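Read through the structure below, which is laid out as structure tokens, and then see the notes.
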Amino acid sequence: MSTVPHTRRPVSTPLTIALAGLSALVTLWLGSLAQFSADRVTTPASATPALGVVELRAGETLQQLAGRVAPDTPVGQVVDRIRDLNNLDSASLDAGRTLIAPIG
């Protein structure tokens, strides 16, 4: 504990009002900044689909697999996503191979 005598310095009313006003302005500025930043964030038209592990059937192509696992999504988009998720460079795939694919 300090043994040095301290003198109390009262805060003046104008200083209190000025600090409250400054706090209000900073709060408004941060709120508007958050609002404008949220307006610029684009959200996809549909939510990100869940991912699942699927097995490639005998004779099935990536297009057929895409139609099977995500029938409501354009086939080309699903095929591209499957290729990205599984690092596929070749179109030839073996039956029974498991792949990560968007489901739904």
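Bear in mind that the values in this text are calculations on the coordinates, not laboratory data. Since this is a predicted model, take the numbers as computed values, not measurements. Virtual Cβ from ideal backbone geometry, glycine too; neighbours counted across all protein chains shown.
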Check your understanding: Counting only residues 5 or more places away or on other chains, whose amide H sits under 5 Å from the amide H of Ala70 once H atoms are built in the peptide plane?
Key -> Gly104
**Study point:** Relative contact order %, the chain, counting alpha carbon pairs below 8 Å whose residues are six or more apart
**Key:** 32 percent
Check your understanding: Under a 5 Å amide H to amide H cut-off, with H placed in plane at 1.01 Å, what residues pair with Gly52 once short-range neighbours are removed?
Key -> Ala101, Ile103
**Study point:** Under Karplus coefficients 6.51, -1.76 and 1.60, residue-wise ³J(HN,Hα) of the range 72-83 in Hz, glycine/proline x
**Key:** 8, 10, x, 4, x, 5, 5, 4, 4, 5, 4, 4
Check your understanding: For the range 50-103, max minus min Cα coordinate along each principal axis, in Å, sorted largest first?
Key -> 25, 19, 17
Check your understanding: How large is ³J(HN,Hα) for each residue in the range 57-63, as worked out from phi by the Karplus curve 6.51 cos²θ - 1.76 cosθ + 1.60 (θ = phi - 60°), to whole Hz, x for Gly and Pro?
Key -> 7, 4, x, 7, 9, 4, 5
Exercise for review: Note the listed values [x] 34, 21, 13; [y] 63, 19, 9; [z] 25, 15, 13, then indicate which one is semi-axes √(5λ) of the Cα gyration tensor in Å calculated from this particular structure.
Suggested key: [y]
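Where the only charges are on Cβ atoms (+1 Lys, Arg; -1 Asp, Glu), what is the dipole of the chain about its Cα centre, to the nearest 20 debye? Before the final figure, lay out the partial values.
Numbers: 8 positive and 8 negative charges, 141 e Å.
It works out to roughly 680 debye.
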Exercise for review: Note the angle between two axes, namely the Cα long axis of helix 13-40 and the longest principal axis of the Cα atoms of the chain, as a number of degrees from 0 to 90, rounded to the nearest 10.
Suggested key: 10 degrees
**Study point:** Most positive-pole-ward Cα, Trp29, Gly67, Thr3, against dipole of the chain from beta carbon charges
**Key:** Thr3
Check your understanding: Relative contact order, percent, of the range 50-103 when contacts are C-alpha pairs under 8 Å separated by at least 6 residues?
Key -> 60 percent
